[in-house]
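The values are calculated or read from the model by the stated rules, or taken from the named source; none is laboratory data. All values reported here derive from a predicted model rather than from experimental measurement. Note that each Cβ is placed from the backbone with ideal geometry, even for glycine, and that neighbours are counted across all protein chains shown. What goes into the accessible areas is simple: the full protein's heavy atoms, side chains included, and nothing from ligands, DNA or RNA. Shrake-Rupley method; radii C 1.70, N 1.55, O 1.52, S 1.80 Å.
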Amino acid sequence: MLPRDLLRNEPDLVRAALAARGQEGALVDRFLALDGERRALLVAHEERKRERNEASREIGRLKAAGSDAAAAIAAVAALKSAIEADEARLAGVEEELAGVELALPNLPHESVPRGRDESANRVEAVVGDPPRFPFRPQAHWDLGPALGILDFERGAKVAGARFTAYFGAGARLERALVNFMLELHTSEHGYTEVLPPFVVNRDSLVGTGQLPKFEQDLFHLEGYPYYLVPTAEVPVTNLHRDEILEESALPVRYCAYTPCFRSEAGSHGRDVRGLIRQHQFNKVELVHLATPETSYDELEAMTRHAGRVLELLGLPYRVVSLSTGDLGFAAAKTYDLEVWLPGQEAYREISSCSNCGDFQARRASLRYRPADGGKPRLLHSLNGSGLAVGRTLIAVLENYQQEDGSIAIPEVLRPYLGGLERIGPGR
RNA sequence: GGAGACGUGGCCGAGCGGCUGAAGGCGGCGGUUUGCUAAACCGUUAUACGGGCUCAAACCUGUAUCGAGGGUUCGAAUCCCUCCGUCUCCGCCA
């Protein structure tokens with residue numbers, strides 16, 4: 001959500017920010033109308049309630065004194081019905097207002113490159129060189145099945161399209177990557193590991209911004225008020241929903257492994273081969289909660305922490321600052337990490353690190369008490385992949401493939417695989 | 001799944017349907033006293049949304065909030081209903 005004061009006082013600024021995202025400003029006008037209506041109703045309504053409260057106190061006094069209060073009670077009847085009518089109107093306006101507020105996306109940070117789509121994204125850094133192969137490198141969807149470690153057909157059989165079964169060294173490699181990432185972030189980067197629920201309720205999804213707008217992207221458990229997590233960002237960021245943290249406890253830095261479940265509605269036909277776009281994938285997520293003064297430093301730190309995973313794995317990548325038109329709903333600024341995939345001869349997203357500013361904090365009521373003891377202030381929340389595990393496995397397979405179709409295991413992963421140095425045919 | 005108990009402020013804990021935003025205690029903050037520390041004493045101590053004043057804040061004021069949502073009532077922390085959560089016992093279960 002955006003601050004109401006900002007919408008009231010600087011609507012043009014918000015319209016301009018929406019335009020930079022490629023959106024119309026109609027919601028701003030709707031907000032202004034509803035907000036004005038709400039305040040007018042509220043003033044009248046609260047005045048009537050004040051009168052009623054006063055009258056009720058008087059009735060109490062009369063009764064206590066043993067007098068007859070019947071006349072006084074009769075006099076309040078009109079007030080009572082007016083209050084009930086007000087309440088209904090006010091509830092209607094507030095419901096619609098909440099809908100508008102929850103539908104407005106975050107404002108892009110001033111440092112974000114302006115542009116209508118990903119073509120305006122800015123490459124901030126390129127790390128490592130794409131490997132040169134003395135043979136034609138294969139894609140992971142050929143390498144994996146040939147080695148017997150990825151089975152797309154059987155994944156589809158037991159669940160459906162966009163589900164995959166891992167076998168043998170493939171399953172072990174995925175697990176090794178999860179452990180390697182968690183170990184790096186907890187032991188070297190100072191994160192606190194969290195193992196959250198893999199399902200969440202509606203309040204949590206509203207808190208981080210997936211609801212009410214993006215219901216169609218989620219898997220909902222029929223008959224239960226639960227959704228499968230689309231990312232650990234949801235349960236982890238909501239851990240401190242409706243809380244006030246002490247400033248001395250900041251910044252909070254959590255890392256969490258979870259599977260992620262996404263319906264991928266609207267992406268039919270895109271990335272249909274291989275592991276790139278699955279309904280279920282594993283991810284190690286990073287979440288920071290910080291003061292407004294430090295959140296952009298935190299974003300740089302988080303992005304470095306995610307990049308460090310790729311560096312230690314020896315995978316070439318680049319850092320991209322998303323343009324205003326490519327930014328996610330809740331993000332004020334986002335860096336994508338894109339890993340080089342030889343099978344596609346392209347950089348593909350493997351991490352997305354965002355500072356959401358106070359946008360999620362306002363929805364989820366994430367606050368902190370300043371060290372000087374002043375009023376609670378909204379936190380800034382950040383989240384980033386550190387990293388998407390399935391896509392990391394793709395990158396390892398494709399970048400470390402040998403001419404015979406086997407896979408060399410990156411040095412840093414070998415301790416997690418019992419010293420395994422290479423994945424050859426035969427699982 | 002069956003039976004029962006309970007959800008009050010940062011914490012503990014009172015609260016006959018009316019003057020209870022809520023006693024008391026602890027903790028926190030400010031102060032007095034005091035070689036220092038401690039103790040004692042005095043005061044203070046929620047949040048949200050509006051209105052007034054203001055450049056803004058402070059401040060003044062209203063409404064709401066005693067798990068959540070409905071209901072009864074002139075009036076609900078107190079009565080009724082539903083839901084959520086916690087605890088105990090039985091059953092089942094990894």
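Please work out the Cα center distance from segment A:148-175 to segment A:309-343, rounded to the nearest Å.
Each part reduced to its Cα centre gives a spacing of 26 Å.
I'm a student and want to see the number: the projected area of the Cα convex hull of segment A:246-327, averaged over all directions, in nm².
If I average the Cα hull's projected area over directions, I get 8.0 nm².
Pick out, from A:Pro316, A:Phe329, A:Ser365, the residue whose Cα sits farthest towards the positive end of the charge dipole of segment A:273-393, with +1 on the Cβ of Lys and Arg and -1 on the Cβ of Asp and Glu.
So the residue we want is A:Ser365.
Roll a 1.4 Å probe over the protein chains and send me the accessible area per residue for chain A in Å².
47 Å²
Quick one: if you stick a label point 7 Å off each Cα along the C-beta vector at A:Ser111 and A:Gln402, how many nm between them?
4.4 nm
Over segment A:4-103, what lengths in whole Å, largest first, do the semi-axes of the equivalent ellipsoid take, defined as the square roots of 5 times the eigenvalues of the alpha-carbon gyration tensor?
So the three semi-axes of segment A:4-103 are 44, 11, 8 Å.
Simple spin-label model, 7 Å along Cα-to-Cβ: A:Arg270 to A:Ala44 in nm?
It works out to 4.8 nm between the two label points.
Report, by chain and number, residues whose modeled amide H sits under 5 Å from the one on A:Cys260, excluding near sequence neighbours (fewer than 5 apart, same chain).
A:Phe281, A:Asn282, A:Lys283
Identify the residues of segment A:250-266 with backbone N under 19 Å of a label point that sits 7 angstrom from the Cα of A:Val412 along the Cα-to-Cβ direction, or state none.
A:254-258
Report, by chain and number, residues whose modeled amide H sits under 5 Å from the one on A:Asn383, excluding near sequence neighbours (fewer than 5 apart, same chain).
Counting only residues 5 or more places away or on other chains, the set is A:His288, A:Ser354, A:Cys356.
How much FRET efficiency would the formula 1/(1 + (r/R0)^6) give for A:Leu32 and A:Lys213, where r is the Cβ-Cβ distance and R0 is 30 Å, rounded to 0.05?
That gives a FRET efficiency of 0.90.
Which residues does the label zone of A:Glu87 cover in segment A:23-59, counting backbone N under 14 Å from a point 7 Å along Cα→Cβ?
Answer for this model: A:45-46, A:48-50, A:52-53.
Express the relative contact order of chain A as a whole percentage, based on alpha carbon pairs under 8 Å and six or more residues apart in sequence.
20 percent
Add -39500 (n - 2.57) for each DSSP H run of 4 or more in chain A, then divide by its residues: what number comes out at 222 nm, to the nearest 500 deg cm²/dmol?
-12500 deg cm²/dmol
Starting from 0.36 nm per residue, how many nanometres of slack lie between A:Ala159 and A:Ser248 once their C-alpha separation is accounted for?
In short, 27.4 nm is gained.
How large a share of the accessible area of chain A, in percent, is made up of carbon and sulfur atoms when the probe is 1.4 Å and the other protein chains stay in place?
Here it works out to 49 percent.
Quick one: putting +1 on the C-beta of Lys and Arg, -1 on the C-beta of Asp and Glu, what dipole do you get for segment A:30-115 around its Cα centre, in Debye to the nearest 20?
Once rounded to the nearest 20, the dipole reads 240 debye.
What's the magnitude of the charge dipole for segment A:118-423 around its Cα centre, counting Lys and Arg as +1 and Asp and Glu as -1 at the beta-carbon? Answer in Debye, nearest 20.
Approximately 480 debye in magnitude.
Which angle between 0 and 90 degrees, to the nearest 10, do you get for helix A:295-313 versus the longest principal axis of chain A when only C-alpha atoms count?
Approximately 20 degrees, to the nearest ten.
Do me a favour and compute the ellipsoid semi-axes for chain A from its Cα gyration tensor, root of five times each eigenvalue, largest one first, whole Å.
Output for chain A: semi-axes of 52, 22, 21 Å.
Distance between the C-alpha centers of segment A:233-265 and segment A:7-57? Whole Å please.
Going from one Cα centre to the other spans 30 Å.
Placing +1 on the Cβ of each Lys and Arg and -1 on the Cβ of each Asp and Glu in segment A:4-103, which of A:Ala70, A:Ala26, A:Ala88 has its Cα farthest towards the positive end of the resulting dipole?
With unit charges placed on the Cβ atoms, the residue in question is A:Ala70.
Using mean Cβ contacts within 10 Å as the protection proxy, how do A:272-283, A:124-135, A:19-30 order, highest first?
Going from most to least packed, we get A:272-283, A:19-30, A:124-135.
Can you compute the modelled spin-label distance between A:Ala171 and A:Ala74, with each label point 7 Å from Cα toward Cβ, in nm?
About 8.2 nm, to one decimal.
Roughly speaking, what is the stretch gain from A:Asn53 to A:Asp129, that is 0.36 nm per residue apart minus the C-alpha to C-alpha distance, in nm to one decimal?
The span from A:Asn53 to A:Asp129 would gain 20.0 nm if fully extended.
State to the nearest 20 debye the size of the charge dipole of segment A:326-378 about its Cα centre, where the only charges are +1 on K and R beta carbons and -1 on D and E beta carbons.
Here segment A:326-378 has a charge dipole of around 620 debye.
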